[in-house]
Structures are given as structure tokens and as C-alpha cells.
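The values are calculated or read from the model by the stated rules, or taken from the named source; none is laboratory data. Just so you know, these numbers come straight off a predicted model, no measurement behind them. Glycine gets a Cβ as well: all are built from the backbone with ideal geometry, and neighbour counts include every protein chain shown.
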Amino acid sequence: MITRQEALELLREHVSDDKLVKHMLAVEAIMRALARELGQDEELWGLTGLLHDLDYEETKDDFSRHGLRSAELLEGKLPPEALHAIMAHNDMTGVRPESQLDLALRASDALSGLVVATALVMPNKKLAEVKLSSLKKKFKAKDFARGANRDRIRLCEQLGISLERFLELGLEAMKAIASELGL
């Protein structure tokens, strides 16, 4: 398995959009927090989150390939379970989520967007201003951050983690890297 440093270098080779890089860092942070909570391999889960959108810029015009191309690029660099999770995070690939890692990536990917959107409506647009109660309220508001799929976020429950605990884990994980995220 590649190191985090090697993963960051690979990310920089394939991803030029700064917002996308920040999204991938956010998903990595949430995945690491989930791995700790569930007693899983933090490095494996973190790298899966960090590299899940490696092919986004290449496949954005043919979204059915998104995730499949990443798996090709990461073959031999990440174990098969990570490649499966990356392929399964996009419904259009036809790869169904099966494992805890698969579900965690789908949930974390969606949660990162909700947390960022919540931070951006705060007075100073900072994660430090976001409270768990605010995040819970925004989760319930169907017209807020429509791109943050609530059903995917709720996949945390299939991992044995309550929605409230998952929101808390994700928020704290992202707050810990707020300077990297520019939030």
C-alpha cells in the first residue's frame, strides 16, 4: 500500500481543482475518524477517502467511468477492498456497496458536503463556528445543500453509528484540518 505522501503526490498529478483537493482531504479526515471509531485500519480508510475522486477531472464528462478509472490508476497501490469502495461510491458504475469500507466512503463523501455548506452559511464562513446542533438542523432542512444526499449520510447507521454521532465525528474531523480546508 502506498504511503500518504505518495498518495498526495498522486493526487497532485491528477487533480488541479483546489476545491476538489479540499473535498478529498475532508473525506479522508472523516474516514480516519470513522476507522478509529470502528476499530478499523485508519491508514487504509484514510487513503481510500483521500483518493476516491482521483479520476474526477478525467471522467466528469462520462460519469459512468468515475471510480472505475480511479481503481485502474490505483491498481497495485491500494488493496482490492479500497478499490472496490472507490468504484462503489458512484452508483453509475454498477458496483454495489458491500463492506463497511464501501458504506463508510459513501456516507463520508456526502457528509463532507453538508459540513462545508453549513460552514459557508456561518457569519465568518469558518468550521469553528459550526455547532453540532446547527449541523443537525441543516441535515433536517431538505432545501439546504441538496447535493448532500441525506440517505447516503444515513448509511452510518448500517455501520452501527447513530446519525448524531456520525455528524459529530465528521464535524470534529473536519475542524481538525480546517486550515487545510480554508475553513
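Just a few scattered comments:
- Any hit, the stretch 43-58, residues being in a loop (DSSP other than H, G, I, E, B), surrounded by fewer than 16 Cβ atoms within 10 Å (Cβ to Cβ) and in contact with a helix residue (DSSP H, G or I) (Cβ under 8 Å, 6 or more places away or on another chain): no
- Counting only residues that are of a type in the set (S, T, N, Q) and in a helix (DSSP H, G or I), the stretch 144-165 holds 1 of them.
- Scanning the stretch 59-71 turns up at least one residue that is part of a loop (DSSP other than H, G, I, E, B), within 19 Å of Glu28 (Cα to Cα) and either touching a strand residue (DSSP E or B) at 6+ places or on another chain (Cβ under 7 Å) or modelled with pLDDT of 95 or more (or both).
- Residue match in the stretch 118-128 (condition: over 20 Å from Lys19 (Cα atoms), surrounded by fewer than 19 Cβ atoms within 10 Å (Cβ to Cβ), hydrophobic (A, V, I, L, M, F, W, C) and out of contact with any strand residue (DSSP E or B) (no Cβ under 8 Å at 6 or more places or on another chain)): no
- For Leu183, the requirement of being within 20 Å of Asp17 (Cβ to Cβ) and modelled with pLDDT of 95 or more is met.
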